Amino acid sequence: MILRIVKHGEKILRTPCDPVDYAAVRKDLPRLLRDMFQTMYSVRGVGLAAPQVGLNLRLSVVDVKPEGLSRRLVLINPEITAKSGKIVQEEGCLSLPGVYAQVERCTVVAIKALDARGKPYEMAGEGTLARVFQHEVDHLNGKLFIDHLDFITKLKLMSVIRDVRKTWT
Ligand code: NI
């Protein structure tokens, strides 16, 4: 089932999410993950956080398709454990359709999280994957990529950001 994606301006995107109690969500998780991946793929996204589908849960799905091949990652209660380097690249967000900006992120990022089965894992990512890890953890903390922009850039984008409200459905 394709879920509705919450847009910038809706409160849940600014609410830091609660940790997932794996045992409590286990029964509903397979369906939720299936729906989240389907929703993400339907709009060609590379990451989707639970608050973007209206759920206050520290949970994201990611698939950056390295070498064009699908690799589904489930991030439950993810934490960034190490990061290094700096790179500025264009970034967007499914909750801010039409808004793109250059954002500085770390080049390499390591995370620890639980997988779909509730098993802890650690993973290092670089390039797009590192960027998506940081973008997703931000979402779970109520933060959006536009928060990283300097004042002038944000000012220039203001009308586009404001127009996002018109895409609410
Ligand atoms: Ni996003």
Excluding same-chain residues fewer than 8 positions from Lys112, which lysines have a Cα within less than 19 Å of its Cα? Lys83
Kirkwood hydrodynamic radius of region 1-71, Cα pairs, Å: 12.8 Å
Summing -39500 (n - 2.57) over the DSSP H runs of n ≥ 4 in the chain and dividing by its residue number, what mean residue ellipticity at 222 nm do you reach, to the nearest 500 deg cm²/dmol? -8000 deg cm²/dmol
So for Met123, Met1, Met158, what's the accessible-area order with a 1.4 Å probe, most first? Met1, Met158, Met123
Ordering His135, His148 from largest to smallest accessible area (1.4 angstrom probe), what's the sequence? His148, His135
Less than 22 Å apart at the alpha-carbon level, and either on another chain or at least 8 residues along: which lysines does that give for Lys166? Lys7, Lys11, Lys143, Lys154, Lys156
For Leu140, what charge total do you get from the other residues with a beta carbon under 11 Å from its beta carbon, if Lys and Arg give +1 and Asp and Glu give -1? -2
Size of the dipole of region 11-165 about the Cα centre, Lys and Arg at +1 and Asp and Glu at -1 on the beta carbon, nothing else charged, in debye to 20? 280 debye
For region 36-117, Rg(Cα) over 2.2 N^0.38 Å is 1.14
Could you give me D for region 11-165, from Stokes-Einstein at 37 °C and 0.692 mPa s, where the hydrodynamic radius is the Kirkwood radius over C-alpha pairs? Units µm² s⁻¹, please. 206 µm²/s
Which stretch or stretches of region 61-81 have amide N atoms under 19 Å from the point lying 7 Å from Arg44's Cα along the Cα→Cβ direction? 62-71
Rounded to one decimal in nm, the spacing of the 7 Å Cα→Cβ label points at Tyr100 and Glu79 is 3.6 nm
Report the accessible area of Tyr41, computed with a 1.4 Å probe over the heavy atoms of all protein chains in place, in Å² rounded to the nearest 10. 60 Å²
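The values are calculated or read from the model by the stated rules, or taken from the named source; none is laboratory data. This structure is a prediction, so every number in the text was calculated from the model and none was measured. FYI the Cβ positions are ideal-geometry reconstructions off the backbone, even for glycines, and counts take in every protein chain you see. Heads up: the accessible areas ignore ligands, DNA and RNA and are worked out on the full protein's heavy atoms, side chains in. Shrake-Rupley method; radii C 1.70, N 1.55, O 1.52, S 1.80 Å.
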